[in-house]
Amino acid sequence: MSTPHLVFASPRVLPRPAKLEGRVVVLDVAFAATVGTSVSFEQTTLPFIKGLGERLAAWVDHHDHERHVDFRDDRRFVLSTKAEHGACPEMVTPELVRTVGPIDTICAHVDLDGLYAAAKWVMGGEEPYQGADDDARAVDTRTGTPGPIAARVDHALRARFRDDQLKRAVVWWLAGGMKPGTHADVIDEAAREFEERAQGTAALAARYAIKGRVAWVDTATSKLPFDKTDLLLAGQARAPVSMVKDSGQLTIAAAFGSGWDFVRLLELGGGMPTRVTVPESRFVEALRRINDAPAPVPTGAAPDAD
């Protein structure tokens, strides 16, 4: 199998199809949810699918979305819900890789889940190390404890989430047997930066305010770097739901399996039920809806997240 090109994407920021070479596999990239008037499935995801046309070899994803049903008869789309598959790598099997056949480009989501899925595809559907699928699930659902390899990679990615060089280093380090060298050094350097962000995260966590079921904090006056995921988790230690205001956006989260479905409650077009991002202008509305909603029923599913 030839070495594929690696391209990274998110549901709201997809590459131009014309810039992707040959047959393309899309991994762990959710269909775009409707956010305000600027982003939606029709405006973002569908043009990307149409632009790739027959060059789209497979789309493998595990994020809930109401438009999955549109592709149930298209065998290129291997789609599930978060409850069915907590992470994308476990959906990448040797059988799937063989069935899809040779590909030229992997378009993967920017987080650990997506990069582990990309490395697994490069390796023909085999885990880069024993327990890698479980680690990806633990990181993506924030349930359980990932092993030291995944914890190191997760910290590195959260420290430099816009660094494509780091993302490539992660994929090729995993697929290459996790040997010492340049890729490992890049990951280690970024992981050390993450530890430095812990101070800013702790300072913001101390400022959480409680409003009914919600712990919320505004990052506007913070001058220290912080990690949003850890900040959200700190809020969930104080209340069932956490909210973080940051750069004009409001990120809302609850524990996986808690039964909260913010996609439905806030009438969004798709996404992870227990973690969503909406414009900050919806803060008062979101507080009201969450506090007025019936008590959620925990899913009781085994650990399955952006």
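When shorter helices are ignored and each DSSP H run of at least 4 residues is given -39500 (n - 2.57), the per-residue value for the chain at 222 nm works out to -10500 deg cm²/dmol. Residue pairs exceeding 22 angstrom between C-alpha atoms, taken from K19/K50; K120/K167; K120/K179; K50/K82: K50/K82. When each of the peptides 263-270, 25-32 is scored by the mean number of other C-beta atoms lying within 10 Å of its residues, the order from highest to lowest reads 25-32, 263-270. Taking only the C-alpha atoms of segment 111-200, the Rg (one decimal) and the largest Cα-Cα distance, Dmax (whole number), read 12.2, 40 Å. Determine the distance separating the Cα centre of segment 24-89 from the Cα centre of segment 186-208; give it in Å without decimals. Answer, in whole Å: 32. Paramagnetic label reach from A83 (point 7 Å along Cα→Cβ; backbone nitrogen cut-off under 20 Å): within segment 243-267, residues 253-267.
Bridge orientation summary for segment 138-254: considering DSSP beta bridges with both residues in this region, about 65 percent are antiparallel. What you get for the chain, charging only the Cβ of Lys and Arg (+1) and of Asp and Glu (-1), is a dipole of about 680 debye around the Cα centre. In segment 203-292, the C-alpha radius of gyration followed by the widest Cα-Cα span (Dmax) gives 12.0, 35 angstrom. Looking at the chain, the DSSP beta bridges with both ends there are about 45 percent antiparallel.
Ranking L265, W173, H155 by Cα position along the charge dipole of the chain, where only Lys, Arg, Asp and Glu carry charges on their C-beta atoms, puts L265 farthest toward the positive end.
Mind sorting out which of (i) 55, 44, 35; (ii) 64, 45, 38; (iii) 53, 53, 35 is the real Cα extents along the principal axes in Å computed from the coordinates? It is the value labelled (i). With point charges of +1 on the Cβ of Lys and Arg and -1 on the Cβ of Asp and Glu, referenced to the Cα centre of the chain, which listed residue (T219, Q43, V186) lies farthest in the positive direction of the dipole? About the Cα centre, the residue reaching furthest to the positive side is T219.
Where a number appears in this text, it was derived from the coordinates with a stated rule and is not lab data. What you see is a predicted model; the values in this text were computed from it and never measured. Here the Cβ is made from the backbone with ideal geometry for all residues, glycine too, and neighbour counts use every protein chain on show.
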